[in-house]
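Asks: Mind having a look at this structure? Questions to follow.
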Amino acid sequence: MARMLLKDVRSRASRAITWVWEQEGTPGQRARGVGAGVFCGCFPFFGLQIILSVGVASLLRGNHLLAAAATLISNPFTYVPLYWFNYRVGEALLGNNTAPIMGAINANTLWEHGWGFTGRLLLGSAVVATVLGAVLGLAAYAVFHARESAALPNGSNGSHS
């Protein structure tokens with residue numbers, strides 16, 4: 001049973017990686033798509049992240065499909081740690097004057113401290129999104145560029161956008 005599950009996971013991962021490599025565009029366009037998706041995925045705008053990422057990718061002339069896929073940086077397994085970290089970053093920047101401690105949040109305290117909590121979460125999300133989007137976008141560019149250069153004769157292609 002475990003071997004079948006592992007084989008299925010490997011097969012799905014292989015198909016996902018192949019899908020990423022087959023996306024159209026220059027390394028720069030694909031990387032901008034990844035960066036836009038990661039950026040939008042770091043915000044707690046559930047249900048809007050994909051739409052926002054495609055809009056940001058359009059502004060940056062990035063790959064729309066990779067932008068939509070990269071929003072999966074926030075998923076049911078990463079929601080709590082990602083948004084907790086974002087909140088803590090916002091708390092570090094704004095201080096902890098009015099917002100409750102994350103462990104003390106419930107429906108009542110969230111309403112009482114609405115903007116204090118939301119402001120810290122959104123500011124932290126903006127900072128984390130900017131850094132993580134830029135870092136992962138640049139890393140994606142390096143990987144896409146290296147792969148494209150290795151696939152071409154003499155390692156040159158003339159496209160560096």
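Asks: Determine which member of the set Ser149, Ser161 is polar (S, T, N, Q), at pLDDT below 80 and closer than 30 Å to Thr26 by Cβ.
Replies: Working: Ser149 fails: at pLDDT below 80.
Answer to the check: Ser161.
Asks: Find the helices (runs of 4 or more DSSP H) located wholly in region 1-93 whose residues include 2 or more that are open to solvent by 80 Å² or more (accessible area, probe 1.4 Å), and list them.
Replies: Values: elements: 2-21, 27-41, 49-60, 64-70.
So the answer is 2-21, 49-60, 64-70.
The values are calculated or read from the model by the stated rules, or taken from the named source; none is laboratory data. None of the values given here were measured: they were computed from a predicted structure. Glycine also receives a Cβ, built like all others from the backbone with ideal geometry; neighbour counts cover every protein chain displayed. These accessible areas exclude ligands, DNA and RNA; they are computed on the full protein's heavy atoms, side chains included. Shrake-Rupley method; radii C 1.70, N 1.55, O 1.52, S 1.80 Å.
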